[in-house]
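The values are calculated or read from the model by the stated rules, or taken from the named source; none is laboratory data. Only a predicted model underlies this, so the values are computations on that prediction, with no experimental measurement involved. With ideal geometry, Cβ positions are generated from the backbone for all residues, glycine too; neighbour counts draw on all protein chains shown. To get the accessible areas, we keep the full protein, side chains included, count just its heavy atoms, and leave off ligands, DNA and RNA. Shrake-Rupley method; radii C 1.70, N 1.55, O 1.52, S 1.80 Å.
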Amino acid sequence: MNTLESLRYFLPETFLICGAFLALAVDLFSRNKKIVAALSLLTLALFFFLAKSHPAPAVGLSLFFGTFMLDPLTQFVRYLVPAVTFITLLASLNYRPLLKLYEGEYYVLFLFMVFGLILMGASSNLLMIFLSVEFVSILSYLMVGLLKKDARSKEAAIKYLLFGSAASAVMLYGISLLFGISGSLDFEAVGQAVSRPEYFSLSTLALIFFLVGLGFKISMAPFHMWAPDVYEAAPTPVTAFLTVAPKAVGMIALIRVLGIALAPLSSQWQHILIVLSILTMTIGNLSAIAQTNIKRLIAYSSIAQAGYILMGLAVFGSVGIQSVLIYLVTYALTNLGVFTAIIIVSNQTGSDEITSYAGLAQRAPGVAASLTLFLISLAGIPPLAGFIGKWFVFSSTIQNGFYVLAIAAALNSTVAAYYYFKIVKAMYLTPAETETPVLAAPSLKIALGMTLLGTIIFGLAPQPLIDWIQHIRL
Amino acid sequence: MTSHLLSWIAFMPLLGGLVVLFTPKDNAKAIRTIAVITTLLAGLLSLKALMGFNPASGIQFIEKVMWIPQFNAHYSLGVDGISLPMVLLTTLISILACLASFGIKERIKEYFFLFLFLETGMLGTFMSLDLFLFYVFWEIVLVPMYFLIGIWGGARKEYAAIKFFLYTLFGSLFMLLGILALYFHSTPHTFDWVELSKMHFAVRFQKFAFLAFFLGFAIKVPIFPFHTWLPDAHVEAPTPISVILAGVLLKMGTYGFFRFSYPLFPDAAHWFQPYMGILAVIGIVYGGFVALAQTDFKKMVAYSSVSHMGFVLLGLAAFTANGFNGAMLQMFTHGTITGGLFLLVGVLYDRAHTRDMNAFGGLSAQMPAYGGFLIFFSMASLGLPGLSGFISEFLVLLGVFQYKKLFAVLSCIGIILAAAYLLYMIRKVLLGPKNEKWSKLTDINAFEVVTLVPLMLLIVSIGLYPKMILNLMSPTVEALLVQVGGKF
């Protein structure tokens, strides 16, 4: 479909990008940065409803000369990413370190980020996927380094940039190989060329290169090394966002690449993914045990969570993809909740050390109880949302006979429960050093309440969520 | 309250817990009153279920509502002769433990909320007829238990709490894999116990699934060598929680064998029969010897639990009517007897602030009434004829004698050991020269007596007329025996 015809379906995204530029313009002229924030939140909310009123057709619609695939999977991204961003922005409104610096740009960056992520999730073309991954990456580097007076934040941004560029370069090389084989950038055409036996070794090489590039985005071992440093040093709301949105969309991009362009190699990548999944969750969980900084601990935990999601990816098929999507939703809610609680505490105490959570049950009973529920949900204990996600990835592996993977994940879940409960222990079992109550700003309370409600509702009544996701096919 | 009786029983405590949450935290009296009232209500409702229960007609009071249609999970409750006694035991022990919790002085609101939440979890576990629901309740029990041990426990409470939590979680995750495998092997895919128990699965699959479930249940019981969490948890937990642990939580494991492992995987259960027997005998003898070596009163009772729960497993291993009936009865009697012993340990600890048995002596002169109670429960525990512990252990031995005489002979060592460590304890604590250090200890008070008397009544009446509870159980137990192909 050509550009003009496509625009009709691209209305929500067009609106989004206009909203982003408008917010940027307002930021130039207004001293009150909260107006930019309000405008950004409004744009996101309107985008969400626009996307809802322009649903994707059940059979994919290929827009912009086959670069943008408008299908239920893209629609999933259109809902998930703005929702995640909305909560992130709510949690950012009163994030102390941010208030002094570039507050306006901060909100605008997120709007562009949403745009980039949607492009990434909808890519059905090699060039498009490279461009959108780069677009998202560059924005991520900026976000991480936003606190430019903070040495660690800067260091993390540089580290992220170097790692990310290397990974992108490798992926680009893989893309060039695939283009060389097929003479086309379109996923479908690439898929046909890859299926020819004479290209087997070349395309396997391209597969590995692709896994490097996208594996970097989703913090898959062994390309996860950047994650703990970046997640620890970045502004906390940015960390919250990075552990959720780019990871989720990276998974969706992988689904498209593996399921269409590299589908003929499925027996190859299935085995690779099983190994990498086990590796990712094990490395993440074992490294998390020793952490004393909560951001770093959750950083490792989110690496481990990526490992669980990769289980569903390894299974693939409609069952595997569904389990990935359900896991992504439940994980996004829960992880955002955890970070909102972290922001509330660090606003008051100025510390992210687990020791500063001592006696939080007395100082802020509501926050402590919510954080406990989020951690229990992350640990996959019923009846919370995280359990439903875990249930689906486990059941997809069992259904398809991937027993080793299931057992590895079960062992890993036990390890994970140990360090999640380290935080719970600090909050409930260790006496507080001071009695000062921890107070939360209203916007943070709203963010906490939204994520908590979601975590509980999707745990007790996941039917609508499952129903919706069951209709999503590649 | 008649149409959804079981839901009312299960959720009554949680309802009370929610009310507790909205009570001002300084108002200890109100919080305690609410807790007692709700546990009492749950108890009365479970009695009502007992009144309406017909032992001969299988599963009753069924409630079944579709919960998550996408994977055919139901909210499905029901009780039969296996689960109803456990429900009654749970509500009874909960009432007594709730009364015994009046000694808790710190963070009362949190305590009673978690306590009531725990009761809902336990009751739900015993009533669930859908494996998904069962798993949810099973796991729900873990979380309040972690806090109850971790916040209100003894010196090493943090270690004990997380150890309990991780051990049980480890087992239940494998059970989860087993549940999923079972689901995908059933045609049509279902979690419904009633439907699943009518299906027959390939023997190879049964063995794997049995082992997956076994890991979950064995850790909970606990079966040697998975028992190491138990002494830590029991010793560090506050008295009422030890009572719940010993009285109810351990039974969740053996209940799991009766409810799921045996009827769903009968061939695998047969295949596992000798191993079950061996593990049971090891548990009985080993638990007895370790209990004999303890100087800590509470630790001794904790290890005696390992030994006594071994009899439940022995009965399960027998595959005879006597064995099964004995095992079921032992679950109930152990709950009442050991619950009482833990309460008595607590009574002493509250006054003396030590549990070292060597530090006491001659207490029967100082606390005569206490001495009487302790001797009564010790006699019940060591299997004195006329008290309930005798009946259940005798039935188990009778049953296992029909299966393998050697097992029966070896497990008698456990009974001798029980007599040894209990009498030894009585000698060290109650008899001997009076230790002047304890001359200020007051005797057991009326309030504490109230928590013990219901247990004593049950112990005596079951001991004299075991049919009152066996009649409740045996039709279901015998149906199970037919299903798994055991001998009468």
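A few remarks follow.
- Restricting region A:387-424 to residues that are of a type in the set (Gly, Ala, Ser) and open to solvent by 10 Å² or more (accessible area, probe 1.4 Å), the residue that is nearest to the other protein chains (Cβ to nearest Cβ): A:Ser395
- Restricting A:Thr340, A:Thr334, A:Thr330, A:Thr349 to residues that are more than 21 Å from A:Phe458 (Cβ to Cβ) and not acidic (Asp, Glu) narrows the list to A:Thr349.
- Residues of region B:136-155 classified as more than 11 Å from every other protein chain (Cβ to nearest Cβ) and not in a helix (DSSP H, G or I), total: 2
- Tally of residues being open to solvent by 80 Å² or more (accessible area, probe 1.4 Å) and either under 20 Å from the mean Cα position of the chain (by Cα) or among the aliphatic types (A, V, I, L, M) (or both) across region B:451-468: 3
- Residue check for B:Pro188: assigned to a helix (DSSP H, G or I), over 23 Å from B:Ala280 (Cβ atoms) and not small (Gly, Ala, Ser): no
- Selected residue (criterion: most open to solvent (accessible area, probe 1.4 Å)) from residues of region B:42-78 that are among the hydroxyl-bearing types (Ser, Thr, Tyr) and away from chain A (no Cβ under 14 Å): B:Ser57
- Residues of region A:51-63 that turn out to be open to solvent by 40 Å² or more (accessible area, probe 1.4 Å) and under 15 Å from A:Phe115 (Cβ atoms), as a count: 0
- Among the candidates A:Phe392, A:Phe421, residue that is among the aromatic types (Phe, Trp, Tyr), more than 14 Å from B:Leu169 (Cα to Cα) and either in contact (Cβ under 8 Å) with a residue 24 or more places away in the chain or assigned to a loop (DSSP other than H, G, I, E, B) (or both): A:Phe392
- Within region A:234-271, tally of residues that are assigned to a helix (DSSP H, G or I) and open to solvent by less than 10 Å² (accessible area, probe 1.4 Å): 26
- Some residue of region A:142-152 being open to solvent by less than 10 Å² (accessible area, probe 1.4 Å), within 20 Å of the chain's Cα centre (by Cα) and closer than 21 Å to A:Tyr231 by Cβ: yes
- Taken as a whole, the condition of being more than 11 Å from every other protein chain (Cβ to nearest Cβ), over 23 Å from B:Phe113 (Cβ atoms), in contact with a Gly (Cβ under 6 Å, 6 or more places away or on another chain) and not in a loop (DSSP other than H, G, I, E, B) applies to A:Gly320.
- For B:Leu118, the test of being touching a residue at least 24 places away in the same chain (Cβ under 8 Å), closer than 23 Å to A:Leu378 by Cα and either polar (S, T, N, Q) or within 14 Å of chain A (Cβ to nearest Cβ) (or both) is failed.
Residues are listed down the side, and each one gets a yes or a no for (1) in a helix (DSSP H, G or I); (2) surrounded by 21 or more Cβ atoms within 10 Å (Cβ to Cβ):
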residue	(1), (2)
A:Tyr9	no, no
A:Phe48	yes, no
A:Gly66	no, no
A:Gln75	yes, yes
A:Thr85	yes, yes
A:Leu90	yes, yes
A:Glu105	yes, no
A:Phe112	yes, no
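- None of B:Gln273, B:Gln330 is in contact (Cβ under 8 Å) with a residue 12 or more places away in the chain and surrounded by fewer than 24 Cβ atoms within 10 Å (Cβ to Cβ) except B:Gln273.
- Condition check for B:Phe226: open to solvent by less than 10 Å² (accessible area, probe 1.4 Å) and more than 9 Å from chain A (Cβ to nearest Cβ): no
- Residues of region B:100-115 classified as modelled with pLDDT under 95, open to solvent by 10 Å² or more (accessible area, probe 1.4 Å) and either within 14 Å of another protein chain (Cβ to nearest Cβ) or part of a helix (DSSP H, G or I) (or both), total: 8
Here's the yes/no breakdown for (1) in a loop (DSSP other than H, G, I, E, B); (2) open to solvent by 10 Å² or more (accessible area, probe 1.4 Å); (3) closer than 30 Å to B:Lys105 by Cβ; (4) of a type in the set (Gly, Ala, Ser):
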site	(1), (2), (3), (4)
B:Gly315	no, no, no, yes
B:Asn325	no, yes, no, no
B:Thr336	no, no, yes, no
B:Asp350	no, yes, yes, no
B:Phe373	no, yes, yes, no
B:Ile391	no, yes, no, no
B:Phe394	no, yes, no, no
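- Residues that are part of a helix (DSSP H, G or I), open to solvent by 10 Å² or more (accessible area, probe 1.4 Å) and touching an Asp or Glu at 6+ places or on another chain (Cβ under 8 Å) within region B:356-370 comprise B:Gln366, B:Pro368, B:Ala369, listed in sequence order.
- Selection count, region A:437-471, where residues are touching a residue at least 40 places away in the same chain (Cβ under 8 Å), assigned to a loop (DSSP other than H, G, I, E, B), open to solvent by 10 Å² or more (accessible area, probe 1.4 Å) and over 28 Å from B:Ile149 (Cα atoms): 4
- Candidates are the residues of region B:174-203 that are among the aliphatic types (A, V, I, L, M) and open to solvent by less than 10 Å² (accessible area, probe 1.4 Å); the one that is nearest to the other protein chains (Cβ to nearest Cβ) is B:Leu180.
- Selected residue (only one of A:Thr434, A:Thr430, A:Thr372 is more than 11 Å from chain B (Cβ to nearest Cβ), more than 20 Å from A:Gly317 (Cβ to Cβ) and either in contact with a helix residue (DSSP H, G or I) (Cβ under 8 Å, 6 or more places away or on another chain) or open to solvent by 10 Å² or more (accessible area, probe 1.4 Å) (or both)): A:Thr434
- Filter pass, A:Ser302 being assigned to a helix (DSSP H, G or I), touching a residue at least 24 places away in the same chain (Cβ under 8 Å), open to solvent by 10 Å² or more (accessible area, probe 1.4 Å) and not aromatic (Phe, Trp, Tyr): no
- Scanning region B:30-74 for residues that are of a type in the set (A, V, I, L, M, F, W, C), free of Cβ contacts under 8 Å to residues at least 24 places away in the same chain, part of a helix (DSSP H, G or I) and farther than 18 Å from B:Thr91 by Cβ turns up just one, B:Ala30.
- Every residue from region B:231-245 that is touching a Phe, Trp or Tyr at 6+ places or on another chain (Cβ under 6 Å) and open to solvent by less than 10 Å² (accessible area, probe 1.4 Å): B:Ala233, B:Ser242, B:Val243
- Leading residue by the ranking (nearest to A:Leu297 (Cα to Cα)) among those in region A:342-369 that are open to solvent by 20 Å² or more (accessible area, probe 1.4 Å) and within 11 Å of chain B (Cβ to nearest Cβ): A:Ala369
- Of all residues in region A:195-210, those satisfying the criterion of being over 13 Å from A:Pro264 (Cβ atoms), in contact (Cβ under 8 Å) with a residue 12 or more places away in the chain and open to solvent by 10 Å² or more (accessible area, probe 1.4 Å) are A:Leu205, A:Ile208, A:Phe209.
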